[in-house]
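Right, one structure below, let's go through it.
Taken together, the values in this text are just the output of simple stated rules run on the coordinates, not laboratory data. Here the structure is a predicted model, which means the values were calculated and not measured. Here the Cβ is made from the backbone with ideal geometry for all residues, glycine too, and neighbour counts use every protein chain on show.
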Amino acid sequence: MRNQIEFKVYGKYALFTDPVTRIGGEKFTYQIPTYQALKGITESIYWKPTITWYIDEVRVMNAIQTEVKGVRPIKYQDDSNDLAYYTYLREPVYHVRAHFEFNENRPDLAYDRNEEKHHNIAKRCVKRGGRRDIYLGTRECQGYVEYCEFDSGSGFYDNYGEISFGPMFHGFTYPDENSTEELQARIWSPTMRDGKVQFVRPEDCEIIRLIRKGSVKPFEENVNLKSVDDEYEEIFKEVNR
Amino acid sequence: MNWMQQLEQVYSNNEKYVGEFEERYQQRITLLPVSHMMQNAQIEILLSPEGNFIEAKVVHKEHARTIVPVTLASANRTSASAPHFLHDKLAYVAGDYVAFGGNEKRAAYYNDYINQMQLWVNDRHVPQRVQAIYDYVKKGTVIADLVREKVLLVDNQNKIMTKWTDKEKPLIFQVVAGDVLDAFVRFDVLHTTYDEPAVWEDKKLFDAYIAFFNQHYLEEQDVCYITGRQVALTSQHGARIRNAGDMSKLISSNDSVGYTYRGRFAKPSEAVQIGYEVSQKAHHALRWLMQRQSMYIDSRYFITFGIENPTIIDPFESSIGLISSSTNKKYTAEIEADALHQAIKGYKNQLTKDKVKNIIVIAMDAATSGRLAIVYYQQFHTDLFLDNIEHWHNTCKWLQFIKDEETKKVLRIEGTPSTYRIVEAVYGSKADPRIKKQLYTRLLPCIVEKKPIPMDIIRLIFNRIKNPASFKNLTESWEGVLNVACALVLKLHEGEGYTMALQKDNVTRDYLFGRLLGVAEVMEKRILEDREKGKKDKDRRSTNATRYFNAFIQNPARTWLVIRRQLQPYFMRQAIDVEYYAMLLQQIEDQITPERMNNQQLSPLFILGYSSQIQDMYKKKEDVSNDNIEE
């Protein structure tokens, strides 16, 4: 696919929290990563407001196995601690295929729509393991990104058949990703075939739920955005003089 | 599929059990109807169909369980007023509660109850029995009637006596734990036919309430994250999952300051929405499964169930337990190798007949008192589950002694000890249950997922058996623990061809050293038995092999020299079979080879050689004596 990148992401643990257990504090993981988690990982590799990442598919390489840990999170409101049991996925390895498209809700950044540039930067970023920290679901699950071919290597679920997971969280649609400036949650029912999950595009999700109205952060020249020419001018002012 | 959906399916598949009681551990349990809750009642009032008082009595603890229709608010109530329907505490149902000395802060409770009941009574489909209860309670004479019936007692100021200090307590003080005025009252209406059930077990009434409740209490409809459908939602989820006093919840959102969901969301419903019905059914199903077939240790509950039909074999069972409970036949002294296989096959047939396709193993525990967590969750196809169980029993087995209840004979059987036995053997009987529950949880994947045994468990049990002298108390025997350890070591070396039967051609160093010590043990024990005839077993001298057990593991070559020297006098005395023992020792020593006869520490594998050698020699002797009898 056009503008596609492929990479492997892995870590010791992953915790893609089931939202049902999220509100109480005893986190329990989903069996497979959500679309939103993979999108976040891809955005950590490379992102600009000009582009929107779309996750095409994920390949689950290792057997899905969970491990429970007794954890002692520090409370947010004071420095005492809490006690909880968190359920993590153990030794997750995923192959991911993603591509970007230009964010049509951002006409203010239309001048930056240079496909080749963004695609090449993204590919370089994958080779270097991403620009920012990678984590698998929750912050304590540090992850690592490497370039890899999606279909390479053998996975546990090759020729395994189908597993369906029932209704599951797909992701959020942020106000700048839809025309009505809403924060939405999406739900879909994924099926894993021979270890691969083909994601539906966010707008094609079966269920879209309005959480609340939001607003789009504006990018204005010379307020919170500076053109590269101005930046160059400023840095090399001394040199050019 | 997610765990809540699975549990809802269990509920739907077993709806025929709703309101049907069965008994376990002297408690009547049932699958509760939606919008109902189980409460313990202490007082029962019988009314006429016209709503007149007939009689009242104190309910015994065994019969106290009462199914109560509840609202969203009342099911999760704490101290604020939130009445149930029909049955409730005195403060709610008694109009004369304050007059008889009740807490004045609760004066409004009765009105809330009556107003709520009125809502139902005004409904077109209200059952006659509900009307009768409403008519009676409206009179506001509940406590007066109870006093007249001598269920409650008053003092000289006409206030209810809340405490009784004398020894011979009236009934009501025996069943109410705290304040008598906190007693829970249930109502029954005179039965019109012979088979009409009591009000709190009347299925028609359950259905009537559910219909009424759905119409009046459920409004907000939106997407449910569990089912993906547009349904009536709830933000209140079940507590009292493990037992009546357990307030921890699987789904809660009480953390409005802890930022477990805030930041992106302002309220919990923005993070997740759950349907009322799926929540009720999932929690009821879980409660039912827990009461019906869970195994618990400390605060942790383990449940194994089939989604279609809940009854499934227990993964913690021993081989003998599996075989005897599947076939209902008596086990013989020697289990044939395929008895287990037959048993598993029997289970497979049974489960196929019951159309059980999916099995779930789940464990729950609470780290704090407020929240319950799933600490283990795994779903299997039945065939895979049973294959894994069979694999566990085939790879983690050793000699086990069991007592036949009928013949009072101790039988020697090769099989897998129950998980209970393993945990007792690893930690000893006095260990903290909190440590034991961890081991259960860690062994669970070894049993149901074919995972290898964690090495630290082997080290723990190996360290325990290193010191036979520490097993002086009678609650557990060193031999018993040794057999469990052998089973675990065998599991650890699974696939390397070790067996319980003695392997004479196995030349592994640890194994051979084990055999050496085994011969020394049996030889000396036989001679001591001969010499100290008449003495009781525990008064006999312990053998050198036993005494040097630990030293032998640490420094095998040096300690063997010591033991061998101490066996020397026995060889001189020409006692029974000494030539045989001498020859055997010579053979094993030759196999060890001089360069391996060093002081490198022995690994746990050594106990396999030791145990096999001893069994082999005992078995030989028994065979010989049996032959003699036949001749």
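Each 10 Å bin from zero holds the following percent of Cα-Cα pairs in the range B:341-414: 15, 27, 27, 24, 6, 0.
Where the convex hull is taken over the Cα atoms of the range B:148-263, what is its projected area averaged over directions, in nm²?
Details: hull surface 57.6 nm².
Projected over every direction and averaged, the Cα hull of the range B:148-263 covers 14.4 nm².
Within the range A:1-159, all pairs of alpha-carbon atoms sorted by distance into 5 Å bins from zero give the percentages 2, 9, 17, 19, 17, 13, 11, 7, 5, 1, 0. Taking the Cα centre of the protein assembly as shown as origin and assigning +1 to Lys and Arg Cβ atoms and -1 to Asp and Glu Cβ atoms, the resulting dipole is close to 2460 debye.
If you average 1/r over every pair of different alpha-carbon atoms in the range A:24-68 and take one over that average, what Kirkwood value in Å do you get? Show your work: numbers first, answer last.
Working: mean 1/r = 0.0781 Å⁻¹.
Kirkwood radius, the range A:24-68: 12.8 Å.
Partner aspartates and glutamates whose Cα lies under 18 Å from the Cα of B:K451, excluding those fewer than 8 positions away in the same chain, are identified as A:E67, A:E91, B:D314, B:E317, B:D383, B:D387, B:E390, B:E494, B:E496.
For the range B:20-142, a/c is less than 1.5, where a ≥ b ≥ c are the root eigenvalues of the C-alpha gyration tensor. That puts it in the rounded class.
For a straight C-alpha distance cut-off of 16 angstrom, no lysines are reachable from B:K466 once same-chain residues fewer than eight places away are disregarded. Each part reduced to its alpha carbon centroid, the range B:19-89 and the range A:53-86 end up 40 Å apart. When both the range A:163-203 and the range B:545-560 are represented by their alpha-carbon centers, they are found 65 Å apart. The HN-Hα couplings worked out from phi for the range B:425-433 by the Karplus form 6.51 cos²θ - 1.76 cosθ + 1.60 (θ = phi - 60°) are 6, 6, 9, x, 6, 8, 5, 5, x Hz, whole numbers, x standing for Gly and Pro. Once you have all Cα-Cα distances for the range A:47-92, histogram them in 10 Å bins from zero and send the whole-percent values. In order of increasing distance, the bins hold 20, 23, 23, 31, 2 percent. Taking Cα atoms only, the orientation of helix B:509-531 departs from the longest principal axis of chain B by about 80 degrees. What angle do you read, to the nearest 10 degrees and between 0 and 90, between the alpha-carbon axis of helix B:203-217 and the longest principal axis of chain B? Around 70 degrees separate the two axes. Principal axis analysis of the Cα atoms in the range A:176-241 yields extents of 63, 35, 13 Å, listed in decreasing size.
Equivalent-ellipsoid semi-axes for chain B (Cα gyration tensor, √(5λ), whole Å, largest first): 64, 28, 23. Relative to the longest principal axis of chain B, what angle (0 to 90°, nearest 10) does the C-alpha long axis of helix B:455-465 take? The helix B:455-465 is inclined about 70 degrees to chain B. Principal semi-axes of the equivalent ellipsoid, √(5λ) from the alpha carbon gyration tensor of the range B:35-101, are 20, 16, 13 Å from largest down. I need the shape label for the range B:283-433. Rule: rounded when a/c is under 1.5, else prolate if a/b > b/c, else oblate, with a, b, c from the alpha carbon gyration tensor. Taking the square roots of the gyration eigenvalues as a ≥ b ≥ c, the range B:283-433 is oblate.
Out of all DSSP beta bridges in the protein assembly as shown, what portion is antiparallel? Express it as a percent rounded to 5. Taking every DSSP beta bridge within the protein assembly as shown, about 90 percent pair in antiparallel fashion.
Size descriptors for the range B:479-580, from the alpha-carbon set: Rg then Dmax equal 15.3, 45 Å. Straight-line reach from A:K226: taking Cα to Cα under 18 Å and skipping same-chain neighbours fewer than 8 places apart, the lysines in range are A:K48, A:K217, A:K237.
Amide H contacts for B:A367 (H built 1.01 Å from N in the peptide plane; partners 5 or more residues away or on another chain; cut-off under 5 Å): A:Y85, B:A373. Remark on the protein assembly as shown: Rg and Dmax equal 34.9, 119 Å (Cα only). Between the range B:173-248 and the range A:212-240, how many Å separate their Cα centres? Their Cα centres are 62 Å away from one another.
Can you work out D for the range B:1-41 in µm² s⁻¹ from Stokes-Einstein, where Rh is the Kirkwood radius over C-alpha pairs, the temperature is 4 °C and the viscosity is 1.567 mPa s?
Details: Rh = 11.6 Å.
In µm²/s, the coefficient rounds to 112.
Around the amide H of A:F219, modelled in the peptide plane, lies no amide H under 5 Å away from a residue 5 or more places distant or on another chain.
Using Cα springs under 10 Å in a Gaussian network model of chain A, which residue among A:N105, A:N120, A:N159 shows the largest mean-square fluctuation? Among A:N105, A:N120, A:N159, the largest mean-square fluctuation in the Gaussian network model of chain A belongs to A:N159.
Structure note, pairs B:K345/B:K450; B:K16/B:K450; A:K12/B:K348: Cα-Cα distances above 26 angstrom occur for B:K16/B:K450; A:K12/B:K348.
Rounded, prolate or oblate: which fits the range A:106-186 when a ≥ b ≥ c are the square roots of the eigenvalues of the alpha-carbon gyration tensor, with rounded for a/c under 1.5 and prolate only if a/b beats b/c?
Working: a/c = 1.88, a/b = 1.21, b/c = 1.56.
Note, shape of the range A:106-186 comes out oblate.
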